[in-house]
Amino acid sequence: MFVHIPEAAHEGRKSSLMKKSLIAPLLVLSFLVSGGCASGARVHSPPAIPSLTTGRIIRVVDGDTVELEDGRKVRLIGIDTPELHHPTKPVMFFAEEAFQFTRRLVEDRDVRVEYDQERTDKYGRTLAYLYLSDGTFVNAEIVRQGYGLAYTRFPFRYKEDFKKYEQEARERERGLWKVLVGDPETSHIIYLYQSLDESHREQARRELEELVATKEKGGGQ
């Protein structure tokens, strides 16, 4: 079951969503979810949080996952970027850009690794916040520069801050938001998505994924 929308509004939204020009924006909004860092000051680490471990990043897996030199794969807490590697799904829109942004930001660099309530996820990956030696808060920077969304399904220490960083990126049209804002129809979708609670966002993502898959199979007709 999807979010209930009044019939007249539903028909208008259905018509606009089926337009070929919105396939790329829909892919962005469907993920569980241009070069270089965007301008503006970076988000720096809060001074009161103690450092727990350190490490060096030897590989970036995708926009929100990296590998440390000790072999640990780290899933960045509080963010979600488009899928780059999925066993059953194609590469998502803007996944490569998100990957390249994170790669430029952290690959072959030393980081401070800090944890929240949970240390690992169900896949055995370490859940952590990462900070560069200059104090840049990596998780927050990815959201703030528009290369990932704030992942608010589960509680985490900086949840409210990350929601503000996502809003800032959207308002300033950074990263993937540059693709989405400006078009009246796309703006309507963003408005609807942002007004939903997390459970309904999950439903919206699934429906959007199904819609995109159907249109791709049909050649965008």
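The values are calculated or read from the model by the stated rules, or taken from the named source; none is laboratory data. Remember, it's a predicted structure, so these values are computed and weren't measured experimentally. FYI the Cβ positions are ideal-geometry reconstructions off the backbone, even for glycines, and counts take in every protein chain you see.
Assess whether residue 110 counts as being charged (D, E, K, R), at pLDDT below 95, over 16 Å from the mean Cα position of the chain (by Cα) and under 17 Å from residue 68 (Cα atoms).
Values: charged (D, E, K, R): yes; at pLDDT below 95: no; over 16 Å from the mean Cα position of the chain (by Cα): yes; under 17 Å from residue 68 (Cα atoms): yes.
Against the criterion (charged (D, E, K, R), at pLDDT below 95, over 16 Å from the mean Cα position of the chain (by Cα) and under 17 Å from residue 68 (Cα atoms)), residue 110 does not qualify.
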When residues of the stretch 78-123 are filtered for being small (Gly, Ala, Ser) and within 22 Å of residue 161 (Cα to Cα), how many remain?
2
If residue 139 satisfies all but one of (1) of a type in the set (S, T, N, Q); (2) farther than 14 Å from residue 60 by Cβ; (3) in contact with a helix residue (DSSP H, G or I) (Cβ under 9 Å, 6 or more places away or on another chain), what's the number of the condition it fails?
(2)
Tally the residues that are exposed (fewer than 13 other Cβ atoms within 10 Å of the Cβ) and either basic (Lys, Arg) or assigned to a strand (DSSP E or B) (or both), restricting the search to the stretch 111-140.
2
One residue from 197, 134 being at pLDDT 95 or above and out of contact with any Phe, Trp or Tyr (no Cβ under 7 Å at 6 or more places or on another chain)
134
Would you call residue 203 surrounded by fewer than 17 Cβ atoms within 10 Å (Cβ to Cβ), in a loop (DSSP other than H, G, I, E, B), modelled with pLDDT under 70 and not β-branched (Val, Ile, Thr)?
no
Where residue 95 falls short, out of the listed (1) crowded, with 22+ Cβ neighbours inside 10 Å; (2) modelled with pLDDT of 90 or more:
(2)
